[in-house]
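K.L.:
Before we start, here is the structure in question, set down as structure tokens.
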Amino acid sequence: MTQPDPDKRPSVGLVSLGCPKALVDSEDIVSRLRSEGYDIAPSYEDADLVVVNTCGFIDSAKAESLESIGEALSTNGKVLVTGCMGAKPEDITRIHPKVLDVTGPHQGEAVVRSVNRHLPRPHDPRFDLVPPGGLKLTPQHYAYLKISEGCNHKCSFCIIPSMRGRLVSRPLGLVMREAEQLAERGVQELLVISQDTSAYGVDLKYQTDFWRDREWQTRLYDLCDALGELGIWVRLHYVYPYPHVDNIIGLMNAGRILPYLDIPFQHASRSVLKAMRRPAAAENTLERIRAWRAECPDLVIRSTFIVGFPGETEADFQELLEWLDEAQLDRVGCFKYSPVEGASANELHGAVPEEVAEERWHRFMQHQAGISARRLERRVGGIEPVLVDSVEGTTAIARSYGDAPEIDGQVIVSGAASPRPGDALMVRVTRADQYDLHAEVVDDSELSHSATI
């Protein structure tokens with residue numbers, strides 16, 4: 001009989017599903033576990049227990065989460081469940097009654113308490129395993145920086161507020177302490193995320209905070225201005241087109257933060273936006289986009305849209321296509337409407353047949369592909385900085401200021417000498433296709449004639 005190794009620390013495996021906000025929750029869980037002396041296992045077989053961080057936003061995400069829980073149970077047998085699906089534990093235990101425990105979203109402390117109960121750790125006061133800023137599950141050169149949790153909006157297709165609660169902003173000093181620690185560890189790009197980044201600080205009533213011996217207000221402009229002092233790339237996600245976002249554009253044009261905005265417009269028809277209960281639905285977004293680009297010509301805008309929403313007519317859809325022609329967005333994703341259990345949109349009349357939604361989705365994607373290709377073509381011949389994400393032979397797969405990891409395009413670079421992930425290169429764009437740029441490394445003699453982001 002094999003005796004347990006007394007020097008082996010208990011190990012926990014982690015499966016992280018869903019959006020970057022859930023990934024940050026997973027990073028928190030991993031950091032807490034490591035600080036308490038647990039090892040993080042690379043596989044089910046190597047783990048003494050598995051934590052599955054679930055996503056419960058739409059039915060397909062729930063199905064993936066349940067499938068992952070089942071796989072963990074069958075392979076390992078000891079499974080804790082957390083995340084968005086944990087807001088309704090009965091949805092999990094009804095299918096998988098053998099899970100050890102279920103906790104809700106952003107409950108890292110509760111997850112660790114549960115791990116302690118089911119996998120006691122040996123006491124050792126010498127453990128100090130977590131670097132400043134916590135452990136990260138992303139590559140070393142970029143990291144997600146979550147600035148708030150929850151959401152105050154009541155969009156009819158979304159149940160995030162019921163799962164994650166109302167908006168709770170992190171004080172600016174705490175956010176900046178984490179950001180500075182990450183920069184000191186070599187992170188070159190921070191991706192700022194929350195459920196509504198543009199609402200940052202409104203729940204704290206412009207609370208005064210201090211960082212680097214300066215007084216700051218906990219609000220979006222001051223956060224971006226402070227992040228701009230770090231000297232690394234800062235990219236904003238999940239921004240709504242509120243008027244106060246106008247103030248951020250000057251920071252982008254001055255090179256303080258990246259000229260990139262991720263704005264979930266979702267639709268262009270006023271009637272559809274009203275049915276969606278979208279914030280800022282009454283804003284003249286086309287006028288705002290034109291003003292932003294007049295102030296910052298390099299601005300890249302990405303967005304997501306929903307087609308086939310209940311009540312969407314062909315006229316509404318045509319209005320959306322015409323809006324895309326006017327807006328000339330750089331990066332766009334599109335989803336067919338999918339009912340979400342508990343969402344008020346389920347009660348709306350005028351359900352769009354699946355085949356109609358499918359046809360509109362294809363038309364939308366084909367329409368936007370041409371716009372995206374023309375926007376990228378404008379950058380051919382220019383010299384830009386890029387960050388290398390991976391290397392394939394002698395080719396570097398990189399990203400420009402206009403490309404967020406995993407959701408946007410890539411810059412495929414030739415001519416780099418022994419490139420490595422995390423390297424910063426200056427490249428000349430040689431050609432473009434619908435989604436990606438192709439480029440070559442430029443020598444130092446050409447850099448004096450180029451402008452950098």
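The values are calculated or read from the model by the stated rules, or taken from the named source; none is laboratory data. Computed from a prediction, not measured in an experiment: that's the story for all the values here. Cβ coordinates were reconstructed from backbone atoms using ideal geometry, including for glycine residues, and neighbour counts include every protein chain displayed. Ligands, DNA and RNA are stripped out before the accessible areas are found, and what is left, the full protein with its side chains, is counted by its heavy atoms. Shrake-Rupley method; radii C 1.70, N 1.55, O 1.52, S 1.80 Å.
Here is a yes/no grid of residues against (1) within 26 Å of the chain's Cα centre (by Cα); (2) open to solvent by 10 Å² or more (accessible area, probe 1.4 Å):
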{"site": "L17", "(1), (2)": "yes, yes"}
{"site": "A22", "(1), (2)": "yes, no"}
{"site": "D25", "(1), (2)": "yes, yes"}
{"site": "I29", "(1), (2)": "yes, no"}
{"site": "L33", "(1), (2)": "yes, no"}
{"site": "V50", "(1), (2)": "yes, no"}
{"site": "L66", "(1), (2)": "yes, yes"}
{"site": "L73", "(1), (2)": "no, yes"}
{"site": "T82", "(1), (2)": "yes, no"}
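K.L.:
Pairs under 8 Å by beta carbon, first residue under 13 Å from V192 (Cβ atoms) and not assigned by the TED database to the domain that holds K146 in region 234-245, partner open to solvent by 20 Å² or more (accessible area, probe 1.4 Å) and hydroxyl-bearing (S, T, Y), six or more apart or different chains?
P.N.:
Listed pairs, sorted by first residue: none to list.
K.L.:
Of everything in region 290-304, what is open to solvent by 20 Å² or more (accessible area, probe 1.4 Å) and over 16 Å from I371 (Cβ atoms)? Give them in sequence order.
P.N.:
If the condition is that a residue be open to solvent by 20 Å² or more (accessible area, probe 1.4 Å) and over 16 Å from I371 (Cβ atoms), then A291, A294, E295, P297, D298 are the ones that fit.
K.L.:
For region 69-81, state whether one or more residues are closer than 30 Å to N346 by Cβ, at pLDDT below 90 and either among the aromatic types (F, W, Y) or in contact with a helix residue (DSSP H, G or I) (Cβ under 6 Å, 6 or more places away or on another chain) (or both).
P.N.:
So far as region 69-81 goes, no, none of its residues is closer than 30 Å to N346 by Cβ, at pLDDT below 90 and either among the aromatic types (F, W, Y) or in contact with a helix residue (DSSP H, G or I) (Cβ under 6 Å, 6 or more places away or on another chain) (or both).
K.L.:
Select from region 344-366 the residues that are in contact with a helix residue (DSSP H, G or I) (Cβ under 9 Å, 6 or more places away or on another chain) and hydrophobic (A, V, I, L, M, F, W, C) and write down the one among them that is nearest to P264 (Cα to Cα).
P.N.:
My answer is F364.
K.L.:
When you look at Y401, is it open to solvent by 20 Å² or more (accessible area, probe 1.4 Å), among the hydroxyl-bearing types (S, T, Y) and part of a loop (DSSP other than H, G, I, E, B), yes or no?
P.N.:
Spelling it out, it is not the case that Y401 is open to solvent by 20 Å² or more (accessible area, probe 1.4 Å), among the hydroxyl-bearing types (S, T, Y) and part of a loop (DSSP other than H, G, I, E, B).
K.L.:
Now a separate question. What do you reckon, is S60 out of contact with any Gly (no Cβ under 6 Å at 6 or more places or on another chain), open to solvent by 40 Å² or more (accessible area, probe 1.4 Å) and within 23 Å of E406 (Cα to Cα)?
P.N.:
yes
K.L.:
Among the residues of region 218-266, which ones are of a type in the set (A, V, I, L, M, F, W, C) and open to solvent by 10 Å² or more (accessible area, probe 1.4 Å)?
P.N.:
Of everything in region 218-266, those that are of a type in the set (A, V, I, L, M, F, W, C) and open to solvent by 10 Å² or more (accessible area, probe 1.4 Å) turn out to be L230, I232, W233, L251, A254, F265.
K.L.:
Residue check: is D203 farther than 16 Å from E27 by Cβ and assigned to a strand (DSSP E or B)?
P.N.:
Here the answer is no, as D203 does not meet what is asked.
K.L.:
I would also like to ask the following. Can you give me the number of residues within region 381-391 that are part of a strand (DSSP E or B) and over 25 Å from the mean Cα position of the chain (by Cα)?
P.N.:
Of the residues in region 381-391, 1 are part of a strand (DSSP E or B) and over 25 Å from the mean Cα position of the chain (by Cα).
K.L.:
Sort out which residues of region 311-346 are open to solvent by less than 20 Å² (accessible area, probe 1.4 Å), among the small types (G, A, S) and more than 12 Å from L286 (Cβ to Cβ), and write them in order of number.
P.N.:
If the condition is that a residue be open to solvent by less than 20 Å² (accessible area, probe 1.4 Å), among the small types (G, A, S) and more than 12 Å from L286 (Cβ to Cβ), then G333, A343, A345 are the ones that fit.
K.L.:
A further question follows. Which condition number does E215 fail, the rest of (1) part of a strand (DSSP E or B); (2) open to solvent by less than 10 Å² (accessible area, probe 1.4 Å) being met?
P.N.:
That leaves (2) as the condition not met.
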